[in-house]
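Student: Take this structure first; my questions come after.
Derivation of every value follows stated rules applied to the coordinates shown; laboratory data play no part. Because the structure is predicted, anything quoted here is derived from the model rather than measured. Here Cβ is always computed from backbone atoms with ideal geometry, including for glycine, and neighbour counts include all displayed protein chains.
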Amino acid sequence: MKNLKDLLKEEELFSSGHRACAGCGEVLAARQVLLASKKPIVCAMPTGCLEIVSTIFPHTAWQVPMFHSAFENAAATISGIEAAYQVLSRKGKINKKIYFIAFGGDGGTYDIGFQALSGAIERRHSFLYVCTDNQAYMNTGIQRSSATPQFAHTTTSPKGEKLPGKLQPRKDIMEIIIAHEVPYAAQTTVAFFQDLVRKVEKAQSYDGPTFINILVPCPLGWGHLPSLTIEISRLAVETNFWPLYEYENGVYRLTYQPSQSKPLTEWLKLQGRFAHLFEEKNKHLLEEFQKYVNEKYQKLLKKCELSAK
Amino acid sequence: MILAKTGNEAIAYAMKQINPDVVAAYPITPATEIVQIFSSYVADGIVDTEFIAVESEHSAMSACIAAAASGARAMTATSSQGLALMHEMLFIASGLRLPIVLCVVNRSLSSPLNIHCDHTDSLASRDSGWIQIFCEDAQEAYDTTICAVKIAEKALLPVMITIDGFIISHCMQKIEVLPDEEVKSFIGEYKPNYNLLDVENPITLGPACLPDSFFEHKRAQAEGMNQALTCIEKVFKEYKERFDRELPILEEYQTEDAEVAIICMGSTAGTSKVAVNNLRKKGYRVGLFKLRVFRPIVVKYLQRTLRNIKILGILERMEGLSAFGGPLFNEIRSVLYDEIKRPITVSYVYGLGGREITPEEIEEIFLELLSLKNKKRKSIEKFKYINVR
Ligand SMILES: Cc1ncc(C[n+]2csc(CCOP(=O)(O)OP(=O)(O)O)c2C)c(N)n1
Ligand code: SF4
Ligand SMILES: [Mg+2]
């Protein structure tokens, strides 16, 4: 595996000068994935923050081929590119191995792009799908998505006199992808660079389709200081909200286990989107949230235990 | 070689000879058969195509766009709801100047649901920046499909070719096909200037353009459509020279001395020819214009030919729901506006949802148009329906 030192010597394929907010986790993820990836690669991405901040004409941050087509079709797009690659290779017009990566925001992955993703995975195209999950539609101004955690305030699940933010827990996209019987799926986040690199490498050791969900803090949407992106990313893991794990050929495995889990409030209290949970009247919601996270985590441990070889 | 083929089979056969790199498609009546037949060519190893059985038409067009952007020749087929679901992607295909060929088997759009022919689906895509060529029968569909590949790649615009659902798609006809090698040499190789798989020369495709550059992109795209007719003319001319097959842009039938005429698209042209023949035998000076190229609007053809007609019936297989007629009616009138001598125009909406139109009904239209000869332009009722209760 490449270590940090080696990686830093590699050419940056996602260049600086893009227009993301300071502290944006999404562009960090893009940069890390590109550094980690085997080469050469051809990429696709849907509409969203990543696209808007990196490709405003006539500039581009991408030093690799990148195609943005529409919002709901990153997976269909990578299917078409990969199909072209297959046939042109067969015809001898291309004579090298190329890797394919689709990046999608949570909206472009869990919601509007979900059908295309499910289809592309079922058809067994050879690609890695990376979801840069910032838990809302950030590009259009922080609206809820099905990746938004319960109780988070967004502009379409606002906290109000009556409602405490989003009512429903987030969709467990990992389980849905795993149900497609992919060879490899993993969850990681930007604070754990080594973990992320290793997961990209592992994913690309399979012919695909493979999936990596990366939690990417968004200072604007989550209401935190740009300087806290890495801290918040780390706390999501250490509070067990976002366990680092992978699923490989039927086996679940935690790739990092905090020596002692921290209370969820450590993570929540740094983020404006959860501020209302700290009001006296919402105390029970904090408890409910903690309970939910505990249960989810226990379930995951169980899956690891049951599937272990 | 002469073969018996339905419209769908004729298109599938042309696709086999084109041997596109990628076909991504989703089933919908009445276009389904095209991809069914084509996938059997794939299964039998007759074509080299990578066939993607996508999970929706939106993905079908998305995958074709991506494949074309990767340097592959891409084709698909659809109808009706499928084309409507592609709508968003149609604009992206043309905005990116990707030469995709889409075979549309015309069918009405819901609601109410109906699987039969009218032209609402492709006419509703008229502003999406695609070349649109309507075909009268299976032979035209076969020839036009082959030409479409070359037109698209010359004009750097996507091309839609259409046939009438069931009437042509499922109707068996004798067609003359070309030898495989002739088709192959006629269409040549697809060599795009840029492609995503050229990893040594990375491109970012589909960027965001702000108000400082968006307009220039659209203006350049419009210029592409302005030049498209020349590409179509060249390709049809070359096809005729090589294979002795005439592919008209605007076909004229018995129009030289005609006082009144009708203009229509698709299979109704065939029906109308029967009506023209019947009336000609009785001494009426009637004629027919069959419009093949709907996009770009073939202004010079329309102006040159239509200005000599006294009264023109515009047969439209779509209800424009505009309170002032459909797109064909409005566009033809607009094209004629600058002519000093221009016909009186009457809109006839017909055949919605597969309602049949007969030669007798078309004869009645002609007789009605003839009866308007001495009427004042303004007093004439402009909007008529054929055979509706
Ligand atoms: C069909 C369609 N619907 C809606 C939009 C508007 N839109 C663009 S990006 C976006 C949200 C993107 O959210 P996500 O995928 O989570 O990416 P993020 O911006 O958060 O990185 C929306 C709603 C669109 N471009 N296309
Ligand atoms: S809004 Fe959030 S996701 Fe978008 S650029 Fe800013 S920090 Fe990144
Ligand atoms: Mg998002």
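Student: Taking a ≥ b ≥ c as the square roots of the Cα gyration tensor eigenvalues, with a/c under 1.5 meaning rounded and otherwise prolate when a/b beats b/c, else oblate, which class fits the range B:1-128?
Tutor: It comes out oblate by the Cα gyration axes.
Student: Quick check: Cα centre of the range B:126-197 to Cα centre of the range B:234-299, how many Å?
Tutor: The distance from the Cα centre of the range B:126-197 to that of the range B:234-299 comes to 20 Å.
Student: Would you work out if chain A is rounded, prolate or oblate? Take a ≥ b ≥ c from the square roots of the eigenvalues of the alpha-carbon gyration tensor; rounded if a/c is under 1.5, else prolate when a/b is larger than b/c, oblate otherwise.
Tutor: Prolate, because a/c is 1.5 or more and a/b exceeds b/c.
Student: Please go through the residue pairs B:234/B:378; A:202/A:296; A:269/A:296; B:174/B:281; B:16/B:218; B:150/B:300 and name each one whose alpha carbons sit more than 30 Å apart in this structure.
Tutor: Over 30 Å Cα-Cα: B:234/B:378; B:16/B:218.
Student: For the range A:247-309, which chymotrypsin sites (Phe, Trp or Tyr not before Pro) pass both filters: DSSP loop (anything but H, G, I, E, B) and at most 16 other C-beta atoms within 10 Å?
Tutor: Within the range A:247-309, the qualifying chymotrypsin sites (Phe, Trp or Tyr not before Pro) (loop, at most 16 other Cβ atoms within 10 Å) are A:256.
Student: So what's the back-of-envelope 222 nm ellipticity for chain B, counting only DSSP H runs of four-plus at -39500 (n - 2.57) apiece and dividing by all residues, rounded to 500?
Tutor: -13000 deg cm²/dmol
Student: Note down the relative contact order for the range A:193-309 as a percent, whole number, built from C-alpha pairs under 8 angstrom at least six residues apart.
Tutor: 23 percent
Student: Using DSSP to define loop residues, name the GluC sites (Glu not before Pro) in the range A:164-203 whose beta-carbon has at most 12 other beta-carbon atoms within 10 Å.
Tutor: Passing both the DSSP loop test and the Cβ count: A:181.
Student: Using just the C-alpha positions of the protein assembly as shown as equal point scatterers, what log10 of I(q)/I(0) does the Debye formula give at each q in 0.06, 0.09, 0.11 1/Å?
Tutor: Log10 of I(q)/I(0), two decimals: -0.42, -0.82, -1.06.
Student: Okay, moving on. Compute the angle between helix B:138-155 and the longest alpha-carbon principal axis of chain B, please, reported from 0 to 90 degrees and rounded to the nearest 10.
Tutor: 60 degrees
Student: Okay, moving on. Antiparallel versus total DSSP beta bridges in chain B: what percent is that, nearest 5?
Tutor: About 20 percent, rounded to the nearest 5.
Student: Here is a follow-up. Nearest 10 degrees is fine. How inclined is helix A:283-307 to the longest principal axis of chain A, computing both from alpha carbons?
Tutor: In chain A, helix A:283-307 runs at an angle near 40 degrees to the longest axis.
Student: Tell me, what is the FRET efficiency for residue A:90 and residue B:220 to the nearest 0.05, using R0 = 35 angstrom and their Cβ-Cβ distance as r?
Tutor: The pair residue A:90/residue B:220 has a calculated efficiency of 0.50.
Student: Shape of chain B from its Cα gyration tensor (a ≥ b ≥ c, root eigenvalues): rounded if a/c is under 1.5, otherwise prolate when a/b > b/c, or oblate?
Tutor: The shape class here is prolate.
Student: So how tilted is helix A:193-204 from the main axis of chain A? Cα-based, degrees 0 to 90, rounded to 10.
Tutor: Tilt relative to chain A: about 40 degrees.
Student: Per-residue mean of other chain beta-carbon atoms within 10 angstrom of the beta-carbon, peptide B:46-59?
Tutor: 5
Student: Around residue B:336, what is the net charge, scoring Lys/Arg as +1 and Asp/Glu as -1 over all other residues with Cβ under 9 Å from its Cβ?
Tutor: Taking every Cβ under 9 Å from that of residue B:336, the sum is +1.
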